[in-house]
Amino acid sequence: MSAFSARPFRHAATSGSGIATVSGTGTIWFVLTTLLGAFLVFQVQPVISKCVLPWFGGTPAVWTTCMLFFQTLLFGGYLYAHLIRVWFSPRVQAAIHLMLLGCAAWSLPIEPSKAWEPSGSESPVWYLLVLLAVHVGLPYFVLSATGPLVQAWLSYRDDHERVYRLYAVSNFGSLAALLSYPFVVEPLLSVSSQSTVWSLLFLGFVLVQGAVAVGLLRLSWRPREGVEDDSRGEAWPGGGNGVGRRERDPSEESATGRGVMAAWLLLPALASIVLLTVTNHVCQDIAVIPFLWILPLSLYLVSFIVCFDSPRHYRPKVYAAVTLLSLGVIQGRDFLPPSPRLIAEAVGCMVMLFGVCMLCHGEVARLKPGVRRLTQFYAFVSAGGALGGIIVAIVCPLVFDRFTEWPLAISVVTAISFVLLFVCRGWGRSTYDWSAAHRLRIPAMTLAVVPTVVAFAFPKDELVMSDRNFFGVLQVTRGEEGLRLVHGKTIHGIQRAGDASREPTSYYGRESGIGRAIRVMREAEPRSRDTGLGKQGGERELRVGVVGLGCGVLATYGRDGDRFDMIEINPSVVSIADRHFSFLRDSRAEIRHHLGDGRLVLERMRDARFDLLVLDAFSSDAIPAHLLTREAVGLYRERIGPGGVIAFHLSNNHLELCPLVQRLVAEQGMEGRMVRSRGDESLATESADWVLAAEPGHPMWDHPLLDVATEASEETLREAPLWTDRNHNLAGVLRLW
């Protein structure tokens, strides 16, 4: 007996035809309840995730943690559906669920208030999980139980396996929710409006499912006499003359094996792991925006729709071959230029994800039991999804100090796809010759090891330390030029050895945009806070705000009397900058640290007025888009004093951000000019793009050091995208070549 097995309540329906019917409730209500419930389940995920994304710095881990929460609660809902079906009569089931629907409706609305904004000292994962539980926990729990519960209720009137097609209907509703979000909901509705509309739709769902539940309350049920019990003691709906009774399906009998139930659990777990790993990988290489969460999840759902709609769609040999081809594209990406490489890798990841999901979910659908064990089957499948989420979101960050799950996932997927390609008996069949798997064990094991070995066995530089937390993987490496702080694939600062250790490096050299701006401001005559930039003469004390600490290179520009407010969301960055680099210790300026998301911290610093505000959070491949919106730039302007300057560091391999920022600056009535500098290997500096923003006619524009600064043309400003908190379209800033 499985862990989910229990002796169920014995019940059967009485009807003239011998087939149970739900009085006053047609099949259309079951379909409508399933569609609306599934739509709301997957619409709430991007809605609530976008509410909290800016609070946690726009890191990809926000989506991973949200997915962990939703997958775990989905399992809870499926388990609830299984248990109340096993232990209670339909009337009691209906009464329990009606009470739960009422409580969920009472807990609305779902949008967190400003009081829930994190201060920066909390554990991000646990704080986010608690926040989600308080605001969407009960409504989501009710919605998650809808699919299996409604199918179980429908099976009282129709115990044919076509009831499983409601699962495909459910996933179709989920897919509609995901695809409508980036193209309809997000562009048209603010976050608050999204929460309101979702809450109203949920109330409509409560009424629809409540009608179905009331139909169960009106149904007359009595214990069955003369009906042979099955192995689990359940009497099937139908008349005493056998009408409505279903013959035993041999495949259902075989479904009691532990191996099959293990497949119900482990195959969805693998699909979930690959889903979250691919989403993390793509978001870290591009940007953390809802569309890049939704696309992988949409492919994941499409695989459920296809596999559960009809077994004829499942062709393991075809999907194994497609998966292997996509893996070849991913592994060969380094031979392409940067932007085509990004597109090829993203497409390869999506195709690989779809292939893996089709293989996993196709096998699960092939092994599904009869409808008597429907809720138990779904409980195992959802448990597998939750297990995958726990592994990626909790176990991997605790066990690995780098993003090891990506090459491990590639290794496992490569080996499985290789084996299935050769053991499947034909391109149009779903039967296997498992004796071939034994013969292929050596090449399969080799393929499983190679990606991981390639990823970690040939480091280019000496690894000094590696640290992983909610915000990603940070590494300190030692190369020819000195120590480097690396986040993912992006260098966030270099410190040279010896006498050159106090010199600015990487993107912050003296010829860079920020280096020139500080030198110009230094040459200003000392002034009070309410005057403009004065004539050249004495050195001037500066109050500088910096969003994005890195290893602290900008502190090299500090002088006696200066104050640098360093804003950093990742506590590990602060620790590494203090421990492994000496820029902060050697600086002559007063250094103050502020932990938290840059925008939230600046909102709290209402009295701050900076001479120079530096935004340095956009050089990574994944950018926090909420820091580059019209509303964000308006906040930055409020935080600079008279004659103050805003400096945006916009060096990026894949995104052309300068026109975007110049238009955002122009929208605020400021003048923005771009300074593009070339790197110097002897000084350990990199090519850098900076946009400096100040009031029109600012005296610094006349300084010879800023002759290299270029204004954007009227046409460039007109054609540049304009990001807002409501809508930021990544396609408009993607470098194609």
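The values are calculated or read from the model by the stated rules, or taken from the named source; none is laboratory data. Note that the structure is a prediction, hence the values are computed from the model and not measured. For neighbour counting, all protein chains shown are included, and Cβ atoms are generated from backbone atoms with ideal geometry for every residue, glycine included. Note: accessible area is taken over every heavy atom of the protein model, side chains too, but ligands, DNA and RNA are not part of it. Shrake-Rupley method; radii C 1.70, N 1.55, O 1.52, S 1.80 Å.
The figure for Ile28 is an accessible area of roughly 120 square angstrom, using a 1.4 Å probe on the protein chains alone.
Ignoring ligands, DNA and RNA, what percent of the 1.4 Å accessible area of region 377-434 is carbon and sulfur? That fraction is 72 percent.
Taking 0.36 nm per residue of separation and subtracting the current Cα-Cα distance, fully stretching the chain between Ile343 and Glu590 would add 84.5 nm.
Summed over the residues of region 582-624 and divided among them, the accessible surface reaches 38 Å² per residue at a probe radius of 1.4 Å. Rounded to a whole number, what % of the accessible area of region 37-131 do carbon and sulfur atoms account for, probe 1.4 Å? Exposed carbon and sulfur together represent 75 percent of the surface. Taking every protein chain into account, the 1.4 Å probe leaves Thr556 with about 20 Å² of accessible area, to the nearest ten.
For a label point 7 angstrom out from the Cα of Ser192 toward its Cβ, which stretches of region 115-151 have the backbone nitrogen within less than 14 Å? Those under the cut-off are 115. Only protein heavy atoms count here; on that basis, with a 1.4 Å probe, Leu265 has an accessible area of about 50 Å². Ordered by 1.4 Å accessible area with all protein chains kept, Ile442, Ile576, Ile96, Ile416 run largest first as Ile442, Ile416, Ile96, Ile576. Between the alpha-carbon centres of region 98-152 and region 649-727 there is a gap of 42 Å. If you find the alpha carbon centre of region 541-603 and of region 377-442, how far apart are they in angstrom? Answer, in whole Å: 44. For the pair Phe400 and Ala115, label points projected 7 Å from Cα toward Cβ lie 4.0 nm apart.
Heavy-atom accessible area, probed at 1.4 angstrom with all protein chains present, ranks Trp106, Trp29, Trp723 as Trp106, Trp29, Trp723, highest first. Sequence-distant contacts, meaning Cα pairs under 8 Å at least 6 residues apart, place the relative contact order of region 19-151 at 46 percent.
Computed from the Cβ-Cβ distance with R0 of 51 Å, the FRET efficiency linking Asp607 to Ile28 stands at 0.25.
The calculated FRET efficiency for the pair Arg630 and Phe422, based on their C-beta separation and a Förster distance of 56 Å, comes to about 0.50.
Computed from the C-beta positions of Asp707 and Ala500 and an R0 of 30 Å, the FRET efficiency is 0.60 to the nearest 0.05. Ranking Asp725, Asp597, Asp702 by solvent-accessible area of protein heavy atoms (1.4 Å probe, all protein chains present), from largest to smallest, gives Asp702, Asp725, Asp597. For region 566-648, the fraction of 1.4 Å probe accessible surface lying on carbon and sulfur atoms is 44 percent. For region 333-446, the solvent-accessible area with a 1.4 angstrom probe is 39 square angstrom per residue. Solvent-accessible surface of region 46-185, taken per residue with a 1.4 Å probe and all protein chains present: 33 Å².
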